[in-house]
Amino acid sequence: MLGGVTVPHEKGLEGHSDADALTHAVIDALLGAAGLGDIGLHFPDSGEKYRGIRSLRLLEETVELIKDNGFTIGNIDATVAAQMPKLAPFRDAMRQKLAACLGMGADRVNIKFTTEEGLGFTGRGEGIAAAAVCLLEETRA
């Protein structure tokens, strides 16, 4: 699962939830920009409550938290580092899934992919990494 989309591959991602690294990066970007901590603070992996949960569900809860704290989301820009599988064919579906949860058009969700040319754990195909940034606009007076 990456960006809410099932990406077929002989290897999978392991995590407490569905291990959707891209969605987790988006959640962290939103929480950080709003000064609300991080994903571990709001959705800890120390108990059973979030075991196996869909990361898109966590994103929906995060969007509500962002709104409740007086912000609207302007845009998202994310990068995924993975040697394999090739992710570009899934970009549009990921943008659509994330945008639907964020309550915005897919044109405001950008996703980039890099292989890191064989360097590091991502380049060796041992895992993936994701990072995201966002623009939040304050709505409270």
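The values are calculated or read from the model by the stated rules, or taken from the named source; none is laboratory data. The shown structure was predicted, so the numbers you read here are calculated from the model rather than taken from an experiment. Backbone-built Cβ (ideal geometry, glycine too); neighbour counts: all protein chains shown.
Of note:
One line per residue, one yes/no per condition, for (1) over 15 Å from the mean Cα position of the chain (by Cα); (2) modelled with pLDDT under 85:
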{"position": "E10", "(1), (2)": "yes, yes"}
{"position": "S17", "(1), (2)": "no, yes"}
{"position": "A21", "(1), (2)": "no, no"}
{"position": "D28", "(1), (2)": "no, no"}
{"position": "A34", "(1), (2)": "yes, no"}
{"position": "G37", "(1), (2)": "yes, no"}
{"position": "G40", "(1), (2)": "no, no"}
{"position": "F43", "(1), (2)": "no, no"}
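- Wholly within region 65-138, strands (runs of 3 or more DSSP E) carrying at least 2 residues that are crowded, with 22+ Cβ neighbours inside 10 Å and touching a residue at least 60 places away in the same chain (Cβ under 8 Å): 71-81, 129-138
- Some residue of region 22-33 being touching a Gly at 6+ places or on another chain (Cβ under 7 Å), under 18 Å from D107 (Cα atoms) and either aliphatic (A, V, I, L, M) or assigned to a helix (DSSP H, G or I) (or both): yes
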